[in-house]
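See structure below.
Computed from the coordinates by the stated procedures, all read-outs in this text should not be read as laboratory data. Worth saying up front: this structure is predicted, and the values here are computed from it rather than measured.
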Amino acid sequence: MPGASQAEVVRYIDLQLTRRFKKLQEPYQRASEAINAMASRAHAKPFADLPIDQQTALLQTLEKGQGDKSIWGNDGGKSAFDMVLNHTMQGFFGNPRHGGNRDYASWRLVGVSPLPVRGRLHYTFEENS
């Protein structure tokens, strides 16, 4: 089954952070620093170096809004988690022309036929002789 990696969701988010989500660069930076601080406090390692089960447990804590408020603020990381989750879903299920869903990975997964790109000429013309 294709996942976010195969669909190039990170590429989508990176690209959109230079365009549509430009105003969210700082919140992404703060969230990245906060998840590493949280991982370091709990496991003495940055988030990326943790085993998948520990990463999952930390993310579940944020999903519930139960992250350390001294790191995340009053919402316990819920808004940061939701922001990244929403952008991940957009990158996975959105149109590939926006930088994610490479090779229509998610559309094929759910049985949706790829759509033609808007703005292209879909007709053939014969020249008059």
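For the Cα atoms of the chain, what angle does the longest principal axis make with the long axis of helix 52-63, in degrees from 0 to 90, nearest 10? Value to nearest ten degrees: 90. Which of 51, 114, 96 moves most in a GNM of the chain, Cα contacts under 10 Å? Greatest mean-square fluctuation among the candidates belongs to 51. Using a 10 angstrom cutoff on alpha carbons, build the Gaussian network for the chain and name the most mobile of 79, 40, 106. Of 79, 40, 106, the most mobile in the Gaussian network model is 40. One quarter of the convex hull surface built on the alpha carbon atoms of the chain amounts to 10.8 nm², the projected area averaged over directions. Relative to the longest principal axis of the Cα atoms of the chain, the long axis of helix 78-93 lies at roughly 20 degrees.
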